[in-house]
Amino acid sequence: MEYFVVHGPGDVQGELVRHGDEYTGFVVDCYALDDNAGRMLYDSAFFSRAKGCDKSGLGARIGLFEAFGPCRFDGWAEGGEVYRDPWGLGFEYIYEPGEPMGRPVRVPYLRIMATEEGQTGNVFDTIHFNLTDEASPLSQVPNVDVGITRIILPDGGEITPSTASSSSKDGGKETWVCFDETHLYNTPELRRMYATVTRNLRKRKKGAQTWYLETTTMFAPGQDSVAERTYEEAEAIREGRKKRGRARLMYDHRYGVCKDLKNEDELRAALIDSYGDAMEWMDLDTLVDDFYDLRNDSADGKRYFLNSRTSSSDAWMETDAWALCRRPEEIAAGDLVTLGFDGSIRDDATALTVCRVSDGHLQLLGCWEKPEGRSGARDAHGGGGEASGEERNVGRAACAPDGNCRADCGARADNRSDGRPRMGRHHRLGSAAARRRARASHRPPDGAGGRPRTASAGAAGVR
């Protein structure tokens, strides 16, 4: 990728691409192999980053690798085997013993999804630029017919930008798909588009080892976007709630946590956490200024720049505000209280809370959730009988909404602000063993044209 691909339209247009460890690691994980036949371990990959992290650019680079590169496993090297680009552009890679060798996809069909009619999207624009700009190495590949509405590849295959209406028909031959900014896929039409296109990938799964990539910034909760659904799938896998089917999702989400936005030092640290390697080209001072601009919504800032989950617009209280007000105080016997009850019919949870009248102090008395698997199947269709749910102690959450809260209010340090256990601010869900199997050296041997060679463009992308 770093040898052949340049940046697309923008401030660094035409400049060579260089991946740090973070982005290299994601690409490596996408092409991880299983233990048996050397087949790809993941059906889909999810790349969630803050605004400005070049998510679309990364999607375009992976797309170009899928279209032209040796992106499928072709056996283990004994050592000394050589990969040379078939167009005579000077790329050469000598495999070391035990490295995975690569081959191209036979007749690749790539679909680049856009959310609105009349646009091709940033991913396709970058692909188009690389194949048409005379200074780009890939523009020298022969027999590529580049158009605005589709690109015909040598020896068959296509790269096609699509919208909801143009992708609604079955019959696709896709080998790889990029869904860019899936937090915007929040309408019935866009959700149907996503379902149709991912269903088409099953047709060539066995031979072409098809897969797809989602890139996104944090979704707005409650919109039922594709990004929100993928997030919930990842949570189910991580928490062990997914009981059926194989977990074949590579989920990579980086975010920053700032419980007190008024604390500028904490905000700066959270932004650095959120952007990671991308902070190299971001202006930290400008990001901080945006948070403190009274014309801007702080919830939007947390979503777009901290890439952190926020409360829905109709929520009673922000989750971070709740965490700051939390204190481990029990309501005493004899206090005058009112009760709050939230019932359920099928798959929801049932909760009972108590509120002390004198100061509004809240306490959770109990939460009952339907168990996963067969133990929860009895009442899945609203059948009668005793409750099938089991009581789960989800923690006693207490808060004083009158504002008399303390910073040391008992919010547990091992919890994120949204109540879910923290897996680290860079949360990558995937098989650690698979990542160990996806191995190759980081050494850049000397390459032609003054550009270093990297295993990103050879060795099927697997490290």
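The values are calculated or read from the model by the stated rules, or taken from the named source; none is laboratory data. As the structure is a computational prediction, the values presented were derived from the model and not from experiment. A quick note on method: Cβ atoms are made from the backbone with ideal geometry, for glycine too, and the neighbour counts reach across all protein chains shown. Protein only, heavy atoms only, side chains kept; ligands, DNA and RNA dropped before computing areas. Shrake-Rupley method; radii C 1.70, N 1.55, O 1.52, S 1.80 Å.
For segment 101-160, would you read off the P(r) tail past 13 Å as a percentage of all alpha carbon pairs? Within segment 101-160, distances greater than 13 Å cover 64 percent of Cα pairs.
From largest to smallest, the equivalent ellipsoid semi-axes obtained for segment 123-276 from the alpha-carbon gyration tensor read 33, 23, 15 Å. Gain on full extension, evaluated as 0.36 nm per residue between Arg327 and Asp260 minus their Cα-Cα distance, stands at 22.5 nm.
For segment 66-187, the alpha carbon positions stretch 51, 31, 26 Å along the principal axes, listed from largest to smallest.
Which percent of the accessible heavy-atom area of segment 122-255 goes to carbon and sulfur, probe 1.4 angstrom? The computed percentage sits at 47. Each semi-axis of the equivalent ellipsoid for segment 1-122 is √(5λ) with λ an eigenvalue of the Cα gyration tensor; in descending order they amount to 27, 18, 15 Å. Solvent-accessible surface of segment 46-204, averaged per residue with a 1.4 angstrom probe and all protein chains in place: 42 square angstrom.
Translational D (Stokes-Einstein, µm²/s) of segment 222-272 at 25 °C and 0.890 mPa s when Rh comes from the Kirkwood sum over C-alpha pairs? Diffusion coefficient, whole number: 183 µm²/s. Near Tyr185: Cβ cut-off under 11 Å, other residues only, Lys/Arg at +1 and Asp/Glu at -1. The net charge is -3. So for segment 121-210, considering every pair of alpha-carbon atoms, how many percent are separated by more than 16 Å? When all Cα pairs of segment 121-210 are counted, 60 percent exceed 16 Å. In a fully extended conformation the segment linking Ala37 and Arg106 would gain 23.0 nm over its present Cα-Cα distance, using 0.36 nm per residue.
Label point of Asp289 set 7 angstrom out along Cα-Cβ; within segment 1-26, amide nitrogens under 20 Å from it belong to 11. Spin-label model, Trp368/Lys242: points 7 Å from Cα along the beta carbon direction are separated by 3.0 nm.
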